[in-house]
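The values are calculated or read from the model by the stated rules, or taken from the named source; none is laboratory data. Just so it is clear, the structure is predicted and the values come from calculations on it, not from any experiment. For neighbour counting, all protein chains shown are included, and Cβ atoms are generated from backbone atoms with ideal geometry for every residue, glycine included.
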Amino acid sequence: MHILSLNEISGSIKENNFFNLIILPVENWCNFRCKYCYEKFDPDIKFMNEDVIQAIKNLVKNNADKLSKLRISWFGGEPLLAYHIIVDFMQFTNRLSRIYDFQLFSDMTTNGYGLTLERFKELVNLGVKEYEITFDGDEDFHDKLRVRLDDGPTFMTIYSHLVNIHNTSLEFDITIRIHLHQYNKNSVKRLLRRLHDDIGNDFRFSLFIRGISSLLDKDNRQLEYKDRDQFTTDLKETIHEAEALGFRVLKSYGYSVCYASNPRSFVVKPDGSLAKCTVDLYSDRGIIGKIRSDGTLEINEEKYKWWIRGIYNNNQNILSCPLYGERRR
């Protein structure tokens, strides 16, 4: 494998002063056991070790003088289980951003169960201001699918955190992702009304309503719509109702460029291995290299180029999803 510098990596795009790191501070472990989750779980929690954390810090520090923008995305497992790692790393990158005068952005995909108000305030102050939190309908359906490790309910804990966050004056952007499946349409509508009553038209919250999917799990798709026309009708109806209530609803129509297609975007796993896509974390194709202790990246060029091939061939389907894009019609 060839060791690539960030300048070499960025050779295929015009902007070489932006970098996106998707960090998994804990992998193969979550305090939830969602019935449709594609991730694999081990009996022991595997936190990112100190050597890997320092290697990522070296990567950022070695290139800080070239950066104008750095985005840190926190993913998992459940990233808040490694709260101490997130706080330490964000403190480090904040210091660098002040010294080298680059913009620092950070977001988190979390189940929201551990997002207490105290933690949220600290994270926002450190620059983690964008969040995605998922509901599978109102309490009745959500607590059938998004359950704790002990199979217990999760809805009210998450929901109360969001209400508490709403009652602050902090600046943030929370996307509430709502899964629609063939059995929960009425439950989703009840959730919309509940959110309207408790959060109202708070511009800091937006909704992203989409169909539930099992991704890599072919044996657990009983919740997905069998009739695609009916799904389209129900989705449009639900979005229309949300907009009528005054919510800002994010649309997924058309094409966008997936982070995995971005030559300067990498997923860093707890053991220091590198991936491009958070859905393909376990296959040989998905692991493209590793980060070395000095912060240099050891990359399998053939795999790397496969993930960013949309940049070269300008195929919009592949750009929007290099993993599944070629299946689109």
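Worth a mention:
- Scanning the stretch 284-307 for residues that are over 26 Å from ILE53 (Cα atoms) and crowded, with 17+ Cβ neighbours inside 10 Å yields a total of 0.
- Of all residues in the stretch 258-278, those satisfying the criterion of being buried (at least 16 other Cβ atoms within 10 Å of the Cβ) and more than 22 Å from LYS66 (Cβ to Cβ) are CYS258, ALA260, LYS269, PRO270, GLY272, SER273, ALA275, CYS277, THR278.
- Within the stretch 117-166, the set of residues being within 15 Å of ILE199 (Cα to Cα) and in a loop (DSSP other than H, G, I, E, B) comprises ASP138 only.
- Taking residues in the stretch 154-178 that are in contact (Cβ under 8 Å) with a residue 60 or more places away in the chain, and partners anywhere that are of a type in the set (Lys, Arg), the pairs with Cβ atoms closer than 7 Å and at least 6 places apart or on different chains are THR154/ARG146; THR154/ARG148.
- Single unsatisfied condition, PHE208 versus (1) within 24 Å of LYS226 (Cα to Cα); (2) surrounded by fewer than 21 Cβ atoms within 10 Å (Cβ to Cβ); (3) over 23 Å from the mean Cα position of the chain (by Cα); (4) of a type outside the set (Lys, Arg): (3)
- Enumeration of residues in the stretch 82-108 that are closer than 11 Å to ALA64 by Cα, in a helix (DSSP H, G or I) and in contact (Cβ under 8 Å) with a residue 24 or more places away in the chain: THR93, LEU96, SER97, ILE99, TYR100
- Filtered residue count, the stretch 196-216, keeping only those that are of a type in the set (A, V, I, L, M) and at pLDDT 90 or above: 3
- Qualifying positions in the stretch 162-211 - in contact with a strand residue (DSSP E or B) (Cβ under 8 Å, 6 or more places away or on another chain) and acidic (Asp, Glu): GLU171, ASP173
- Consider the stretch 79-94 and keep the residues that are of a type outside the set (A, V, I, L, M, F, W, C) and surrounded by 20 or more Cβ atoms within 10 Å (Cβ to Cβ). The one that is modelled with the highest pLDDT is THR93.
- Answer residue from the stretch 64-78, given it is more than 21 Å from ASN111 (Cα to Cα) and touching a helix residue (DSSP H, G or I) at 6+ places or on another chain (Cβ under 8 Å) and is surrounded by the fewest Cβ atoms within 10 Å (Cβ to Cβ) among those: ASP65
- Residues in the stretch 168-184 include none that are at pLDDT 95 or above, touching a helix residue (DSSP H, G or I) at 6+ places or on another chain (Cβ under 6 Å), part of a helix (DSSP H, G or I) and not assigned by TED's automatic domain parsing to the domain that holds GLY310.
- Close pairs (8 angstrom Cβ cut-off, 6 or more residues apart or separate chains): under 11 Å from CYS258 (Cα atoms) and at pLDDT 90 or above in the stretch 308-325, surrounded by fewer than 18 Cβ atoms within 10 Å (Cβ to Cβ) and of a type in the set (Phe, Trp, Tyr) anywhere: PRO322/TRP306
- Here GLY325 meets each of (1) within 30 Å of LEU81 (Cα to Cα); (2) surrounded by 15 or more Cβ atoms within 10 Å (Cβ to Cβ) with one exception, condition (1).
- Residue-level analysis places ALA55 outside the set of residues that are under 16 Å from the mean Cα position of the chain (by Cα), surrounded by 15 or more Cβ atoms within 10 Å (Cβ to Cβ) and not assigned by TED's automatic domain parsing to the domain that holds GLU171.
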